[in-house]
Each structure stands twice: as structure tokens, then as C-alpha cells.
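Bear in mind these aren't lab numbers, they're just calculated from the coordinates by the rules spelled out. Please read these numbers as outputs of a predicted model, since none were measured by experiment. No Cβ is skipped: glycine too gets one built from the backbone with ideal geometry, and neighbour counts run over all protein chains shown.
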There are 2 protein chains.
Amino acid sequence: MNYKNLKTSQLEKELTELKIKYETFKSENLKLDMSRGKPCPEQLDLSMGILDCLTSEDICKAQNGTDCRNYGGLEGIPEMRAIFAQILEVTPDEVIIGGNSSLNMMYDTVARAMQFGVPGGEGPWGKLPKVKFLCPSPGYDRHFAICESFGIEMIAVDMKQDGPDMDLVEKLVGEDESIKGIWCVPKYSNPDGITYSDEVVDRLATMPTKAKDFRIFWDNAYVVHHLNEKGDNLKNIFEVCKASSNIDRVILFASSSKISFPGAGVAAMAASTTNISQTIKLMAVQTIGNDKLNQLRHVKYFKNIDGINEHMKKQASIISPKFDVVLEILEKELESKDIAWWNKPKGGYFISLNTLDGCAKKIVAMAKEAGVTLTGAGATYPYGKDPRDRNIRIAPTYPSIEELREAIEILAVCTQIVSIEKVM
Amino acid sequence: MNYKNLKTSQLEKELTELKIKYETFKSENLKLDMSRGKPCPEQLDLSMGILDCLTSEDICKAQNGTDCRNYGGLEGIPEMRAIFAQILEVTPDEVIIGGNSSLNMMYDTVARAMQFGVPGGEGPWGKLPKVKFLCPSPGYDRHFAICESFGIEMIAVDMKQDGPDMDLVEKLVGEDESIKGIWCVPKYSNPDGITYSDEVVDRLATMPTKAKDFRIFWDNAYVVHHLNEKGDNLKNIFEVCKASSNIDRVILFASSSKISFPGAGVAAMAASTTNISQTIKLMAVQTIGNDKLNQLRHVKYFKNIDGINEHMKKQASIISPKFDVVLEILEKELESKDIAWWNKPKGGYFISLNTLDGCAKKIVAMAKEAGVTLTGAGATYPYGKDPRDRNIRIAPTYPSIEELREAIEILAVCTQIVSIEKVM
């Protein structure tokens, strides 16, 4: 039943039925928040053992003898650096452990670049007449918010099925010196859920850039967040950068926010020793060190990458059925109608729904009126402006399966109503 | 035996004896680090109960229902805000809870002012041709490092027995619009250990400033850190600012670093709702929220200001004898000789030793050669330059009493040797 092939009378009949459905949902006075990629309580329950890892009976020393209760250890305790080195496929001395937020580390990295510049550059980015970042879109709204806050001009670049449109990326960075960076969520991207292909990774790492101090902000937020046994593989960009004399180009980020606790996890960044040295030097003015006891808790609980991978299988067993529910309803309600398209991600936290052009805002507003709060339409684009007004980010993890089913049914009804009105 | 009244022959005899003493110390191959104000392990042991406060049996909810394990709560959980409101004598909605480091909050506050400006100002401080801060000196080297990092020009202002030289402060801020801030450690100051008088507090809060967006960075690091039952009282500057229409002038900082754990404490800042709103707005781009589980641990353990005050008495019982040892040796070895002066602080973490002009560097170097590492001479002044080269910061808390006794005896011998050489 492709809407585009239906007669007006058929569409009108369909619309009437859908509107009755919608009013029924509305009368239920639902209140469901699906706006953010938040783990559900059952996921958090999986990590409660972390709270028992460190008690008053423990010595609280790191393997290098550091008393984790006291000051110091700016770069993090060695065993925590070692685990993030495994996660990010780098060496421990290329890792800095942060507080509980990798977003904070990204923000601070941009802030430092604006204020002080980065190795290989010619001074603070903030002193330049213009600084631009490439923003593969749809993308992560909080990355875009950082740029907006610092007055960095954002250039949207389309996301394709294997990563950003590299022809365009290469063209832009090759000719515009003011383009200093690119935001990437290379694995199970936010929101598309796609993983960059080897070719995209290679091209990002090796492409000539007009700016000598160009940086890739490699937010590997979902590095171990597979939904099924067989996850995607992401090529190690750092290795390619090293091999092509672009070792300072990439800065990698990750955190345990969606492994252990979003509110009390451990974040990390990794980069060349040149980048790390400059960062540590500037960080030394900002803090005496991040929370080492929480690092110790995480180390004791997870032990190594194997411990984390085992843990992530349990996480997947909770959220994978939620992704299935979303996909099942989208398929049932929308697939045949030629009004929306979506990916089937193998990991991450989102399903990205693309509607007919000009429909996303209306759909999100209608869903909201029926009690379902989605991420604001447009949020996945720089400046909150989706040029085709068609992308809707679905975050299935937080609601219960029952709530989710209802929410996605409402979303599907709204999508159909708005699409018919558009087609008519 | 005032050295200044001795004949050369007497001084020479004294010097010879002191040098023999010094060589004896040196031959012992000591290795004592007294460079930083670090709690000793016994102090940290007092707080081990914090580690048992939160286990897998707990619900981990804040009193407003927030799941402390999950994202959110940018301003901190209400009960933690309430405790810091008691500590800083403000209301809970005037408090933002940070991560584990108040230094980090100060740094970020300066960074935000440089990048975005502050309420009442005319844009980013970083866009101005010149930004200056007043630095009461001797003061805290890490404050000065922040200014240096951001290229903020530091103007040293003498510390008197009741706070900064207010005549000079008033004169400077009254005529120079580029003076945007002043660093203050108003209670048990670092390193002098003095507490600002009511008059100084009043004058700071009410003085006319040429800069409309002048800020007092009120680092109340030792607010509850009394050495004895009878501590100093500090007048509430925020109240005076409010009463004199300078409500946005002061930003207060504190942390539990030297209450619970330096490596895993909780930091806070407080300010007018105008300042707080702007800070929260900018912080929202930087992070989704700080570690709420650690906040919950602290709340469960200390409960309120009374719990903290009780705890601080135990801290005092460990470190007060150390301060006594330092003072006892300084009195015995130096008092009669008219070559050095020091305060007897009622709280805080330091004893500030002032030698004859031009002697501090040499004394610190000699002590180092005998195995005693002190804070670098000059570190307590902007740019590391003590104009009279006479201030030495003694940090008695970390070493054991035995180590401390030996270290201070060495320091006293070095002080006498260098002073005699100076007098001769």
C-alpha cells in the first residue's frame, strides 16, 4: 500500500481511520520520554557490583603505589589507562583518564584549542577570524552545541551508508584552511547506527588538509556497545594516522557511561604523545587529578576488555529486544508505504527514522501532543536545522518494552498522518 | 641571641657549629617531601566509611527522585547542595556541585569569563586588550598558575595580618577598569593561615570598582578546617555583597578534598542566581552532569554540617600536633635570633615562614640538598617571584611527626646558616 500510488479518496479514508487511532492514543494521557539515549534502570542494575568493589577494608592503592584517595595522578591510574588502551586500541601512555564525562573531555579539548591552540598549529584557534568544523549529519546534537557555544561555524556533511560523504569532506578540508576539525561517531553512529567503512577511515586519516592543525574528534562512544554477538568492525584510525605521518590528527574519546553508570562512570581520551603532553601540561593548571577511587572501582569490577565485553552482552540482552520492537512496528506500519526509511543498527543507542521531506517537525509535534517526547526534530543537524526536515532520532533504551511499543505505534500513526497530508 | 647584635667572631663560631649540624643531617640521606598541602594517610583513614555508604543494596536515588546512577542533575543533587549551602552560608539554589576538584571549578569559571564574559560585563574578557587580577601575596600558587595560563596579568598585593592591603586594593580596582578579579583564600589563608577581618570583608564587598564585571574569587578551601576547638570566624561576604547591591561580585568555592578524600571528594561553587544561571547554561554544553553517586556517598556519610564539623575535629586531632611541632622548633631555634617571623594559624594547612630578605631561595635549596623538599621559594608569589625572596611555605600535614621534627630542624639550621651569612 504505497501511499504515493493511492487515489485521493483512498488516502482520505486511510487518514480518517488513522486520526481516530491517534485520538484514542491521545485520550490515554501517556507520558513517555524518549528524547535522550539513556540506559534503563535494568541496565544500571547490571553494574551494581561496582559499588561493592571498594570498601573500608581496601587499601585503595593503584599498581604504581599511588594512594587513590589522595591528590595526584593527573593522567589516571595505570590499570585504568591500560583498560581504555585496550578499548581504544592504543598504548596506555597514549591515554588520559578523565572524570565521569567524555563530553567534558571533548568540550575541554575544543576549549583548549580555542584558547591555546594545538600542536602543529600557529596559535589559538580563537584568535583566527573564522574557525569551521565539519559536522557529518545527522549527528550528535551535543557535539554541535559545543561548536555553537564557541562560535565555530558548522558545515553539515551528509552521512552515507558507510560514513560521511568523503568526496565532499576531502574537497572541503583540502581547500579551506579555516576548517579545523570534524566530529565523528565512527561506530554505531549517533543517530544512524552505522559504522564507518575501512575506506572512510583510511580517507579521513590520510586526506590532505589545508589546515596543518586539523583534528578529527573521534567520539567512539559505542565502541563496545554491540546489540548482538556479531557486531561491526571499525578500522583503527590511529594506526592509519601514524602510518601516514598524520599521527597528531586524531583524538579518540570513550567512556564507561553506557557500560557502567552514566552518572558515575569513567571517561578517557587518547592521542599521540605530542597531543597528550600538551593536554597534560594544560590540564595540570585545571586540576590536580580526577577521581582515582572511581577508576579503581571500575578496574576491580571489569578487570580488562574481556570483562567489559562480557558485561556488554548482558546489556545487549536487555536493549536488543527493544530495538527489535521498534524495527518490528516500523516495518509493519511503514515499510510498504514508501514514506519512511531507517537503518537496522548492530549496536549503539539509536534508530534514525527518515521521513518524507518536510514532515519530521510535524510528526514530532504530533507525537508530543499524544504524550511521546522524542528528540526535537532538527536536533541531529547543526544549528538544529535539518535542511530536509525529515530526520527523527528514536532512543529505544530507556522505556520499558510495553511503553516503547505504545510510543512507536503512536510515532507510526503520526508519521502516516503527516505523510498522507503531505502526499495529498 | 639576636644575630644582628652579635660580633663577627661570635657569628663565625655559631656558623661553624651550624655547618657541622647540617653536614650530620645531610649524611642521614633523608628524603622528605613537604612541598604540597596533602593530608596524611591517617587523615584519609578517617573517611573510609564513605566507601561503605553505597552498596549494591542501595536504591541510589536522590531526595528529588533522581536516579544518581543515570544522566542528569547538572547542578548537583539537592541534599548535597544543601550541605554546601550550610558550609558556605548561602541557600541551596545558589550552589552548583562540581566534580572532585574546586580548582577545576575555579579554572572553568575563569575560562568561561575569558571565552564568554560574565553577567554585567561587556563580553568576553579574552577579547579585551588586557585583563588583570589582584593577587594577595603570599598566596596560592595554583591560583596564580591559572592567571598565567590565560595570560591574565597579575598584580601582587601585600597580605597584612587581617587580609590583603585594602588601601591598595581599593585604589587599584577604583582606577583600573582592566582589573577584573581578585583571588582570596579568606579563611586560614594559603600560606599565611590568617583569616580576613570583618573590615576587610566589608571593604571587598562594598568598594567601588571601575570594572562593572569585577569578580572576587572567594576560595574558601579551609572553611571548616580548624586546628582547635576555637577557630576563626569569617564574615559572610555574600551577605554584604547582597546588601550593597554587589550581589554578582563574589563567587565562592569549597570542596571536601581535605574533609573526605583529595582524590575523590566533592567540590562546589556558590554565587548569585544570575551568576549561577549563566554558569549552568554554559556548563550544560560541557557536561550532562557530575558524579552523583559520589555526592550521595558524601551525603549519607556526613549528613549535614554538624557531621562535617565532628569529622573535622578528628582531622584536627591528627594534624594539630604537627603544627605544634613546627611551631615549637621554630620558636626554639629561631625566635630569639630576629631572623624569621611566622604566624600561628588556627586552621588551614600551612605555616608561612618569612626569613630575612634575600634568603628564602638559598634556604630552600640547602634544605633540598639535605633531603627536605619544600614548596619552591617564590611559588607563593605571582610568576614565582617573591620580590623580597623571603617567604617559605611549610606544609606540616603529610609527614609523620618524627619526619616533620627532623625536617623542621633541618629547615631551622639552614635558615640560621643562610641568615648568618647574610648578616655577616
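Points worth noting:
- Taken about its Cα centre, region A:67-168 carries a charge dipole of about 380 debye when Lys and Arg each add +1 at the Cβ and Asp and Glu each add -1 at the Cβ.
- For chain A, built as a Gaussian network whose Cα springs stay under 10 Å, the top-fluctuating residue of A:Asp108, A:Asp192, A:Asp232: A:Asp108
- If only the Cβ of Lys and Arg carry +1 and only the Cβ of Asp and Glu carry -1, the dipole of chain B around its Cα centre is close to 580 debye.
- Distance distribution note for the protein assembly as shown: the fraction of Cα pairs above 35 angstrom is 54%.
- Flagged links, alpha-carbon separation over 18 Å, of B:Lys4/B:Lys422; A:Lys7/A:Lys337; A:Lys130/B:Lys281: A:Lys130/B:Lys281
- Residues whose amide H lies under 5 Å from that of A:Ser137, counting only those 5 or more places away or on a different chain, are A:Val157, A:Asp158, A:Met159; hydrogens are built 1.01 Å from N in the peptide plane.
- Spin-label proximity, A:Lys212 to region A:243-257 - amide N less than 18 Å from point 7 Å beyond Cα toward beta carbon: A:245-250
- Linear extension gain, B:Glu369 paired with B:Glu57, 0.36 nm per residue minus alpha-carbon span: 107.0 nm
- Within 10 Å of each Cβ in A:48-60, the average number of Cβ atoms from other chains: 5
- Remark: the B:Asn5-B:Ile20 segment gains 3.1 nm on full extension, using 0.36 nm per residue and subtracting the alpha carbon distance.
- For region B:57-304, the alpha-carbon coordinates run over 59, 45, 33 Å along the three principal axes, in decreasing order.
- Most tightly packed first, judged by the mean number of other beta-carbon atoms within 10 Å of their residues, the peptides A:13-22, A:329-338, A:175-184, A:94-103 read A:94-103, A:175-184, A:329-338, A:13-22.
- Signed unit charges on C-beta, dipole axis of region B:234-345, positive-most listed residue B:Ser260, B:Asn290, B:Ile305: B:Asn290
- Calculated mean residue ellipticity, 222 nm, the protein assembly as shown: -13000 deg cm²/dmol, from DSSP H runs (n ≥ 4) at -39500 (n - 2.57) each, averaged per residue and rounded to 500.
- Reachable aspartates and glutamates, given that their alpha-carbon falls under 15 Å from the alpha-carbon of B:Lys180 and they are not under 8 places away in the same chain: B:Glu122, B:Glu148, B:Glu153, B:Glu170, B:Asp213, B:Asp248
- Whole-number percent relative contact order across chain A, with pairs defined as alpha carbons under 8 Å at least 6 apart: 25 percent
- Across region A:299-424, Cα pairs under 8 Å and at least six residues apart give a relative contact order of 29 percent.
- The mean number of Cβ atoms from other chains found within 10 Å of a Cβ in peptide B:291-298 is 5, as a whole number.
- Remark: the A:Lys385-A:Lys300 segment gains 26.2 nm on full extension, using 0.36 nm per residue and subtracting the alpha carbon distance.
- Each semi-axis of the equivalent ellipsoid for region B:318-424 is √(5λ) with λ an eigenvalue of the Cα gyration tensor; in descending order they amount to 20, 16, 13 Å.
- Take each residue of peptide B:72-79, count the partner chain Cβ atoms within 10 Å of its Cβ, and average: the result is 1.
- Computed from point charges on the beta carbon alone (+1 for Lys and Arg, -1 for Asp and Glu), the dipole magnitude for the protein assembly as shown about its Cα centre is near 800 Debye.
- Between the listed residues B:Phe84, B:Ser35, B:Leu54, the Cα displaced farthest toward the positive end of the dipole of region B:1-91, a dipole computed from Cβ unit charges relative to the Cα centre, is found at B:Ser35.
- Checking the cross-link pairs B:Lys21/B:Lys362; B:Lys322/B:Lys362; A:Lys212/A:Lys346; B:Lys26/B:Lys322; A:Lys31/A:Lys344 against a 29 Å limit on the alpha carbon distance flags A:Lys212/A:Lys346 as lying beyond it.
- Pairs of alpha carbons in region B:220-265 whose separation is greater than 16 Å (percent): 54 percent
- Region B:363-424 and region B:201-274 have Cα centres separated by 30 Å.
- In order along region A:374-390, the Karplus-derived 3J(HN,Hα) couplings, from 6.51 cos²θ - 1.76 cosθ + 1.60 at θ = phi - 60°, round to 9, 4, x, 4, x, 4, 7, 10, x, 6, x, 10, 7, x, 9, 6, 9 Hz, and Gly and Pro are given as x.
- Amide N proximity, region B:386-412 versus B:Glu331 label position 7 Å along Cα-to-Cβ, cut-off under 18 Å: B:396, B:405-406, B:408-409, B:412
- Mean separation of Cα contacts under 8 Å (6+ apart) over length of region B:57-304, as relative contact order %: 27 percent
- Computed log₁₀ I(q)/I(0) - Debye formula, equal Cα scatterers, no solvent, chain A, q 0.06, 0.09, 0.14 Å⁻¹: -0.27, -0.59, -1.26
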